[in-house]
1. Keeping all protein chains in position, work out how much accessible area B:Trp372 exposes to a 1.4 Å probe, and write it in Å² to the nearest 10.
2. Considering only B:Ala267, B:Ala33, B:Ala327, give the residue with the highest GNM mean-square fluctuation for chain B, with springs between Cα atoms whenever their separation is below 10 Å.
3. Separation between the B:Ser293 and B:Arg249 pseudo-spin-labels, each 7 Å from Cα along Cα→Cβ, expressed in nm?
4. Describe numerically, in nm with one decimal, the distance between label points set 7 Å from Cα along Cα→Cβ at B:Met303 and at B:Leu380.
5. Around A:Leu228, which amide H atoms from residues at least 5 apart in sequence, or from another chain, sit under 5 Å from its own amide H, with H modelled in the peptide plane?
6. Taking the Cα-to-Cβ direction at B:Met326 and at A:Ala82 and moving 7 Å from each Cα, how far apart do the two end points lie in nm?
7. So how do B:Phe126, B:Phe304 rank on accessible area, 1.4 Å probe, biggest first, that is with the largest at the start?
8. Please list 3J(HN,Hα) in residue order for the stretch A:133-150, calculated via the Karplus relation 6.51 cos²θ - 1.76 cosθ + 1.60 where θ = phi - 60°; whole Hz, with x for glycine and proline.
Amino acid sequence: MSEASAPGKQPVIIPAVEALAASRYYQMGEATVRAVDEVTFTLARGEFAALLGPSGSGKSTLLNLLAGLDRLTAGNIRVQGAELAKMDSEALARYRRLTVGMIFQSFNLVPTMTLADNVELPLRFAEFPRAERRDRVHELLAGVGLAGRAQHKPSQLSGGEQQRAAIARALANRPGLLLADEPTGNLDSRNGQEVMALLEQLNSQMGVTVLMVTHDPALAARYARRALHMADGRMLAAEVAQ
Amino acid sequence: MTRQDLFELAARNMRNARLRNALTTIGIAVGVASLVAMMSLGIGLQRFANHQLMKSGMFQTVFVTSRQDPRNMDDNADAKPDAKPEESPALDDAARAKIAALPGVEEVAPEVRATAEVEYAEHTNFTMLAGLPWSARDEDSLEKMKGSFFSSATAEEAILQRDFAKKLDANPENLIGKKIVLRYAHRQGGGAEGFQIERRQKSFTIVGLLDEQPYGGMRMISRARVFVPTQTALAMDLMQPADTQQLVRAEPAERTYSMLTVRMVSATQAEAVEDAVKKMHFSAYSYLDATRSMRRFFAVLDMFLGIFGSLALAVASLAIVNTLVMAVLERRREIGIMKAIGASDSDVKRIFFAEAATMGLFGGVMGVILGWLIGRAINLGANLYLHRLKMPPEGLLLVPLWLAAAAVLFAIMVSVVAGIYPAARAARLDPVEALRYE
Ligand SMILES: Nc1ncnc2c1ncn2[C@@H]1O[C@H](COP(=O)(O)OP(=O)(O)OP(=O)(O)O)[C@@H](O)[C@H]1O
Ligand SMILES: [Mg+2]
């Protein structure tokens with residue numbers, strides 16, 4: 001969607017994500033918990049960023065705001081031009097369905113469904129044409145190396161395989177932004193590296209913007225081109241990795 | 001989300017909690033079955049009662065009398081023995097023709113009833129003679145008659161009441177085909193000059209024997225022991241009670257009738273014909289009047305049976321609420337996941353409604369089948385009992401198609417209503433909250 005530039009000026013780049021004093025406060029009786037406090041930052045299209053910070057610094061809360069799962073208390077977030085603060089719950093559901101994909105530390109696959117059914121679920125909500133669903137599900141599972149496990153239940157898979165299936169599901173409706181909340185937190189280093197390799201591949205080959213929460217600065221340093229740091233709900237100065 | 005996806009997901013969810021959903025569905029089925037059994041009892045009883053009355057042909061008949069008639073059938077405001085002539089026209093041939101021209105009227109038969117002497121095998125008996133209209137031939141009460149009905153509307157044939165026939169011959173069956181002679185009072189002349197009365201006689205062939213009174217004995221016209229075709233009786237110019245009235249009042253006039261029996265093609269026209277006749281300033285009476293209160297009774301009965309039948313379904317609907325609330329609690333995380341990957345609040349709501357409706361559909365269909373079986377069992381028991389009393393079998397419970405369809409729809413409706421609270425609860429669930437804990 002990058003428009004043709006006005007003559008004599010630099011091309012205007014519309015960022016993938018733009019947070020403007022985004023805030024999420026919790027009222028605990030008298031006290032106000034500022035889980036995310038006036039966070040402002042941008043992510044460029046196709047960027048791979050890591051979000052670091054101590055426990056309780058507000059990383060998950062920020063990610064949930066970006067995912068449209070949680071509502072802003074104040075400020076605004078723009079994702080590919082869409083303003084989250086102005087959306088009603090129906091529009092937010094549509095946004096979650098089509099614009100973002102999310103993966104979690106605990107995978108969050110539906111345990112009673114096969115991998116194929118799990119991957120089909122977002123296609124159902126998006127009313128993806130029935131005739132093309134089988135192919136799409138197969139293509140998605142093949143893309144994460146799980147074509148042969150389509151009819152398996154999550155409990156029959158290793159953690160790494162489950163997280164890869166979750167990635168396939170997150171990508172079902174081809175979102176431009178992938179949010180990952182400690183995707184390797186529950187994995188051993190070999191499985192963790194597999195998942196990271198997959199994310200890197202998606203980012204570099206398909207141009208998906210990735211924002212990943214992690215506790216592990218080494219992981220951030222190795223895969224992310226940029227690291228964002230949070231502390232006490234605030235965003236510290238952004239820095240370029242490497 | 002498309003409807004097909006919705007019901008696929010609902011079916012999957014129901015399979016995952018098979019036992020619980022099956023038990024709830026059976027609960028609905030029992031509720032629907034009790035409703036269907038109760039309603040079908042009401043419907044069956046009403047049909048049974050209607051059928052008994054319809055069989056008598058009563059509903060197709062309106063009785064018309066003159067308002068002047070002192071023997072007027074009902075003592076309602078219609079009866080005005082002292083009414084002025086314009087308010088109470090004579091029940092004569094002109095009136096008969098006017099009534100016969102009303103839409104839906106099959107036959108207008110005057111009541112002809114007179115005393116007569118019957119001679120057979122050199123014995124005489126004094127008795128009542130009456131005309132039997134041609135339209136009475138398909139009367140249910142005549143079905144069980146020995147012999148046959150008159151061969152034509154103007155035949156010189158007679159049907160005898162069995163008790164009377166016994167006076168003529170110890171074995172009444174022997175009388176069929178035999179001849180009798182009837183002696184009667186004949187009205188001679190008419191109009192302004194008045195009339196004379198003569199004694200006459202006529203020979204008739206006995207064609208049938210009657211056990212019951214025609215029209216179940218509920219009609220004045222039928223209170224006689226010898227019946228001849230009404231048209232034959234009219235041609236005989238029998239002296240009638242109305243003639244006596246004319247004679248006493250010294251008002252020489254055309255022949256009038258004391259009563260006309262108006263026979264309709266179907267019972268549905270009775271009310272309209274009755275109204276039209278009343279507008280002509282005659283008294284009219286039909287058995288529809290008598291059954292109005294009966295129909296009201298059945299409406300109330302149906303309502304009570306429906307309410308009692310619904311109680312079990314009301315209990316079953318609480319089971320649905322319970323089952324679905326449990327499902328919402330159990331599937332908290334799953335609901336959170338679905339929202340995270342793009343389900344809207346209304347998608348979540350619809351999934352739970354679809355589950356409720358599915359239970360309602362299966363419960364409803366099962367319930368209708370169960371209710372029908374219960375009805376069959378009751379019918380079987382009742383008929384066994386009737387058989388022992390040597391009575392013909394009757395269908396007491398009836399499950400018409402509309403009741404089956406309505407019961408299934410009602411079950412789905414009740415289930416969806418029961419799903420409102422659990423579905424709203426599921427839709428309200430905060431996904432961040434639901435996904436936070438393992
Ligand atoms: N529902 C809530 N009510 C009150 N406070 C909350 C709620 N959710 C989060 N918080 C608070 O907001 C702050 C940020 O929490 P958050 O889960 O975003 O931290 P995090 O950076 O993801 O931590 P971790 O690394 O342990 O996952 C914490 O202090 C937490 O207690
Ligand atoms: Mg967290």
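1. So the heavy atoms of B:Trp372 present about 120 Å² to solvent.
2. B:Ala327
3. If labels sit at B:Ser293 and B:Arg249, their model points lie 3.2 nm apart.
4. The modelled label-to-label distance comes out at 3.6 nm.
5. When sequence neighbours closer than 5 places are left aside, the close amide H contacts are A:Ala50, A:Leu51, A:Leu52.
6. 3.8 nm
7. Details: B:Phe126 150, B:Phe304 105 Å².
From most accessible down to least: B:Phe126, B:Phe304.
8. In residue order, the calculated couplings are 5, 4, 4, 5, 4, 4, 4, 5, 5, 5, x, 10, x, 10, 4, x, 10, 3 Hz.
The values are calculated or read from the model by the stated rules, or taken from the named source; none is laboratory data. Quick caveat, the model's predicted, so the values are computed rather than measured. Positions of Cβ are generated from backbone atoms using ideal geometry, with glycine treated the same way; all protein chains shown enter the neighbour counts. Surface areas here come from the heavy atoms of the whole protein model, side chains and all, with no ligands, DNA or RNA. Shrake-Rupley method; radii C 1.70, N 1.55, O 1.52, S 1.80 Å.
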